[in-house]
1. Would a scan of region 292-305 turn up a residue that is within 10 Å of ligand 1 (Cβ to nearest atom), within 18 Å of residue 364 (Cα to Cα), polar (S, T, N, Q) and open to solvent by less than 10 Å² (accessible area, probe 1.4 Å)?
2. Say we look at region 240-265 and pick out the residues that are under 31 Å from the mean Cα position of the chain (by Cα) and open to solvent by less than 20 Å² (accessible area, probe 1.4 Å); which of these is nearest to residue 345 (Cα to Cα)?
3. Out of curiosity, is residue 431 without any contact (Cβ under 8 Å) to a residue 40 or more places away in the chain, charged (D, E, K, R), more than 16 Å from ligand 1 (Cβ to nearest atom) and open to solvent by 20 Å² or more (accessible area, probe 1.4 Å)?
4. Against the condition open to solvent by less than 10 Å² (accessible area, probe 1.4 Å), assigned to a strand (DSSP E or B) and within 15 Å of residue 114 (Cα to Cα), how does residue 94 come out, does it pass?
5. For region 437-509, which fully contained strands (runs of 3 or more DSSP E) count at least 2 residues that are within 16 Å of ligand 2 (Cβ to nearest atom) and out of contact with any helix residue (DSSP H, G or I) (no Cβ under 7 Å at 6 or more places or on another chain)?
6. Please enumerate the residues belonging to region 68-84 that are aliphatic (A, V, I, L, M) and either outside the structural domain of residue 112 (by TED's automatic domain parsing) or open to solvent by 50 Å² or more (accessible area, probe 1.4 Å) (or both).
7. Taking the condition out of contact with any helix residue (DSSP H, G or I) (no Cβ under 7 Å at 6 or more places or on another chain), more than 16 Å from ligand 2 (Cβ to nearest atom) and at pLDDT below 85, does residue 578 pass?
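The values are calculated or read from the model by the stated rules, or taken from the named source; none is laboratory data. Every value quoted in this text rests on a predicted model; they were computed, and no experiment measured them. Cβ placement follows ideal geometry from the backbone for every residue including glycine, while neighbour counts extend to all protein chains displayed. With ligands, DNA and RNA removed, areas are computed over all heavy atoms of the protein, side chains included. Shrake-Rupley method; radii C 1.70, N 1.55, O 1.52, S 1.80 Å.
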Amino acid sequence: MLLGDPITSHFRLQEDQKKALTRLGIKTIRDILYYFPVRYTNVSEIKLIRDLAAGDTATIYGRISNLKTRKAFKSKIPMGEAEIEDSSGTISVIWFNQAYMAKMVHEGDSVELSGKVSEGKHGLFLSNPELKEKNSLPIDTHGSLFGKDSGEVFGFPIYRETRGITSRFIYHTMQKIIKEGLVKTIPEYIPQDILKKYNLPTIGTALVWMHSPMTENDASVARKRFSFEEVFFIQLARKIERENYLQNKSFPVVDDPADIADFVGRFPFKQTEGQEKAIRTMLEDMSKPHPMARLLEGDVGSGKTAVAATLAYGAIKTRPPKTPQAFGRPSATADGLAKATFGNLQVAYMAPTEILATQHFENFIQYFKHTGISVGLITGSGCRKFPTKVASAQTPWTNISRAQLLKWVANGEIPILIGTHALIQKSVVFKHLALAIIDEQHRFGTMQRKKLVSKEGFAPHLLSMTATPIPRTLALTIYGDLDLSILDQMPAGRKPIITEIILPTNRDKVYDCIKTEMKNGRQLYVICPRIDEPDPEKEGAVQARSVTAEADHLRKVFPGYSVGILHSKMTPAKKDEVMEDFSSHRIDILCATSVVEVGVNVPNATMIIIEGAERFGLAQLHQLRGRVIRSNHQAYCYLFAESKSAKTADRLKAIKTAKNGFELSELDLALRGAGELGGTKQWGITDLGMEAIKNIKMVEAARAEATAIVAKDPNLTAYPLMKELVESKKLETHFE
Ligand code: ADP
Ligand code: MG
């Protein structure tokens, strides 16, 4: 047996088992070894035989005897039988269809059995219990670190099941693999000194302890190693990406403080301290001949766009190096207005959706209209250019052909291009791209970055911006390739959103208040936890409100108003259409799932109801609430709770008191289980990895070690095994 062997070459599997394994992404022996238990049956769950009742699922610990195998009287199915005795009594054990189980232990062995208590003709019996034989449990020689066998058997690992595969199947497969001894031969890939420093077990030991812990401590030490490992490898990969990106040349941006002050001085507001500092730091970053790589984090409305516009201004005022002062004028300039910056450095600004790209385009027109420079917009549905000779009050821009736009971008006549992903297609060529701004993107991976590097080897300074509030430990990990700037204050004078936690009995009163605002022409978001189908996992429990059912309900509550729906299963075009309708007030009420989370701006929508608020994380609620922050009118957020419990209300109250999204994301991390944070879905971090994220010391250790290694050996030449792993993990993220 080798680690790379397909499981099918060592285990006979049924079709549905094969399918299930594929679904879990498990192909090889190695893969299954890294399929970790989600929990262990706990010693405290061990029951006394005397206390068992039919229907219980129980773990008992005792001496086994009367082992035999036979065929069932009528059905002829093979069965294994035994009795187990503890200090309180004796109970029979039957393994239907698993006669071999009775041969896996010896008379008188001490064992742990876990399974269901059933009632038959002859009384209670344990049916098909898991068996764990105490004497044969693997004992590791490193045990001395944590105290040798304490004499107490820790529980069975419990694995996440999926259709076709049981936890039990995985457990047995794992035990067979471990018995092969293969695990002990796996070469360690984390440097020994790091393991020593943080008291982490070696890979072989950790795998055995993960799947067959003797004690709770074994299990937790093994988990600690793997969660450290996950974060460490993400950090390594990010640091290497960073090093590679920094190897590129960039166009240095000339920092002209007086000119910048003039630009900022035109804002219809005074910049916040945070904005000023971010601008200063980044202008300095960008004055270097190698690229900046920075993340600007700030709540919705904290003024990131203004920061981005200022940096863009700095770039487009700079002439590329070695360009003669008297740069030749083109024969056909774009409306003759672009002369001021023609041939200067350029800026690309990328947004995740067309709606957002269009909004940025309109914002930038406001920020740049006094400069006389051109701004272009490119999306899947067309291209625009500002300014235009045929401007009207509604549209200061004009539609132009893609070919024309691309031409003006390629010759440097359009210095600022805003767009969706269309912006990094091959056909889009800049003359002197100096700054790339990426808005609301969780991560801008290696592949996308490569596309930004020019043929001549120039890479733009990179500014990522996000309003997704995440804890510091998580940011340090997933954005390990970026320097962080944070806008943690809101501009002064913003009216705070009035936020209320509404218990089920007070719904109607709220609807009345909302009706008054709607009569004044305001619009409403209603967020529901589900789209439509009932949640099979929550059978019997109170079902969360769904978008489709709630939309019907709202039509009755608010007669005469139009209700639209929006959720993730709609096509992008349909979503855009609905957003457009809402934005232009053809729809009064938008009933949606949390898809509206990301940066959409409808200033007239001043109210938001969040149904089943306790089902959302605090940071997510905060972000949803951010939808109604953009108006001069008073904004309201109603958190509709399903339960009346004081605990629910207590958690939700944090929304009213926390200063910003970061604080709430830290609270989420502290209050919720790692698994509830959705790490896998959003950031590609497993639940185990999220355990490390909860531990600032561990994250800092992983970061320090990764940084030190990459600083001295950026190509991991001295660490071939680590290098291989980093490469394989990088491949995985490319498929995101
Ligand atoms: P973000 O992109 O961070 O969500 P924006 O840059 O779009 O935020 O700013 C939100 C709103 O606040 C915009 O209308 C903008 O003009 C305004 N704004 C930005 N900075 C300030 C400030 N320092 N003081 C007052 N208003 C500001
Ligand atoms: Mg924004």
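1. Yes, region 292-305 has at least one match.
2. Filtering first and then ranking leaves 250.
3. No.
4. No.
5. Strands (runs of 3 or more DSSP E) meeting the threshold: 461-466.
6. The one that is aliphatic (A, V, I, L, M) and either outside the structural domain of residue 112 (by TED's automatic domain parsing) or open to solvent by 50 Å² or more (accessible area, probe 1.4 Å) (or both): 77.
7. no
A quick yes/no check of all residues on (1) farther than 28 Å from residue 434 by Cβ; (2) surrounded by 23 or more Cβ atoms within 10 Å (Cβ to Cβ); (3) of a type in the set (Gly, Ala, Ser); (4) within 12 Å of ligand 1 (Cβ to nearest atom):
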| residue | (1), (2), (3), (4) |
| --- | --- |
| 461 | no, yes, no, no |
| 471 | yes, yes, no, no |
| 477 | yes, yes, no, no |
| 481 | no, yes, no, no |
| 486 | no, no, no, yes |
| 493 | yes, no, yes, yes |
| 498 | yes, no, no, no |
